[in-house]
1. For the chain, modelled as a Gaussian network with Cα springs under 10 Å, which listed residue fluctuates most, Thr267, Thr155, Thr131?
2. Given a 1.4 Å probe and every protein chain left where it sits, what share in percent of the accessible area of the chain is carbon and sulfur?
3. Using only alpha carbons, build the gyration tensor for the range 1-40 and give me the equivalent ellipsoid semi-axes, biggest first, whole Å.
4. Label points 7 Å out from Cα along the Cβ direction at Thr79 and Ala62: separation in nm?
5. Could you tell me how many cubic angstrom of Cα convex hull volume the chain has per residue?
6. Nearest 20 debye, what's the magnitude of the dipole of the chain about its Cα centre given +1 on Lys and Arg Cβ and -1 on Asp and Glu Cβ?
7. With unit charges on the beta carbon (Lys/Arg positive, Asp/Glu negative), name the residue among Ala236, Ile248, Ala263 whose Cα is farthest towards the positive pole of the charge dipole of the range 148-264.
8. What's the extension gain from Met252 to Ala38 if we count 0.36 nm per residue and subtract their Cα-Cα distance?
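The values are calculated or read from the model by the stated rules, or taken from the named source; none is laboratory data. Quick caveat: nothing in here was measured; it's all calculated off a predicted structure. Using ideal geometry, Cβ is built from the backbone for each residue, glycine included, and neighbour counts are taken over all protein chains shown. All accessible areas refer to the heavy atoms of the entire protein, side chains included, with ligands and DNA or RNA removed. Shrake-Rupley method; radii C 1.70, N 1.55, O 1.52, S 1.80 Å.
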Amino acid sequence: MSMNSFGHLFRVTTWGESHGPALGAVVDGCPPNIPLDAAMLQVWLDKRKPGQNKFTTQRQEADQVEILSGVFEGRTTGTPIQLLIRNTDQRSKDYGDIAEKFRPGHADITYFQKYGNRDYRGGGRSSARETAARVAAGGVARAALAALLPEVEITGYMVQMGPHKIDRANMDMAQIAANPFWTPDAEAAEKWDGYLSQLRKSGSSVGAVVEVIASGLPAGLGAPVYAKLDTDIAAAMMSINAVKAVEIGAGMEAATLTGEENADEITMGPDGPEFSSNHAGGILGGISTGQDIVSRFAVKPTSSILTPRKTITKSGENTEIITKGRHDPCVGIRAVPVGEAMMACVLLDHYLLHRGQIGENPGKIG
């Protein structure tokens with residue numbers, strides 16, 4: 001299986017399976033002399049790890065990350081950083097009943113059609129367990145961004161669960177860490193609690209929309225054709241398990257706007273250009289404007305549910321399937337730190353590309 005790496009100068013390769021002994025990442029291209037230790041990465045992994053509340057899978061994994069190379073005396077050396085996360089709570093027997101069946105809505109069937117085999121124990125590489133390695137790598141990117149671009153802040157949160165959206169008038173960023181849904185709307189969190197509790201008890205699942213914002217980024221990152229900043233952000237978010245759509249800025253809503261409504265008018269402020277709005281999501285022509293980078297992605301419902309669904313066996317027979325075991329009723333909850341990690345990796349990569357080609361921005365206005 002190829003294509004397990006992403007990034008240009010800051011390049012991440014993940015490895016391992018859901019029910020193997022371990023998984024992890026190799027991070028290449030991190031600049032040297034960046035302060036880094038395992039505790040700095042563990043902060044982000046603790047946000048993603050399973051079993052933290054009733055709304056996530058009850059698989060109990062500490063997700064303890066180990067740094068095996070690329071760091072000496074608390075600083076990166078500029079050599080590849082090997083990150084290891086051991087699996088400690090696999091229950092492969094839960095998947096014995098589906099060894100010969102394909103889960104509708106899951107990669108089971110396409111993996112078998114492509115490779116002629118599949119790891120039915122949790123999905124192998126297609127499992128969202130792989131995202132633990134991404135979050136660890138994203139922690140490396142965050143550490144580098146903190147040293148190189150200290151004003152950058154990356155914040156992710158859920159804005160929709162199933163048909164239920166937040167009220168943006170209620171947004172309070174302090175609420176994100178105060179509820180199990182990583183949402184800035186406390187009223188929405190209360191409603192989602194009852195809604196998801198009912199779905200969870202019935203053995204079903206539901207999708208979600210996650211928004212990730214990056215602030216403090218300078219203007220000028222990206223390129224106008226094949227290395228657009230929004231292209232790479234969209235690809236990074238789309239690569240997350242179960243993601244089916246990605247938006248930048250106004251996204252699909254841009255199709256409903258007139259030219260006058262969509263135009264983010266520009267005036268000259270004391271510190272440079274200022275924009276009246278941000279329908280562009282902080283990116284014009286593939287290049288950052290200096291405004292907040294705004295991205296959203298939609299996550300489909302978990303395919304492993306208790307409701308009987310029609311399917312086929314590997315031998316081509318019609319049958320039904322239910323999936324037992326421990327699964328997220330709304331995988332969008334734990335996708336929040338994953339989206340943040342992918343944003344961090346892309347932003348660092350583009351900063352390094354920009355610094356290598358341009359250095360300081362030559363196009364000063366005013």
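1. Of Thr267, Thr155, Thr131, the Gaussian network model singles out Thr267 as fluctuating most.
2. On the way: 9130 of 17230 Å².
In the chain, the share of accessible area belonging to carbon and sulfur is 53 percent.
3. Working: eigenvalues 98, 54, 5 Å².
They are 22, 16, 5 Å, listed largest first.
4. With each label placed 7 Å out from Cα toward Cβ, I get 2.7 nm.
5. Details: hull volume 55.7 nm³, N = 366.
Convex hull of Cα atoms, per residue: 152 Å³.
6. Values: 36 positive and 41 negative charges, 371 e Å.
Dipole about the Cα centre, nearest 20: 1780 debye.
7. Value computed over the given set: Ala236.
8. 73.1 nm
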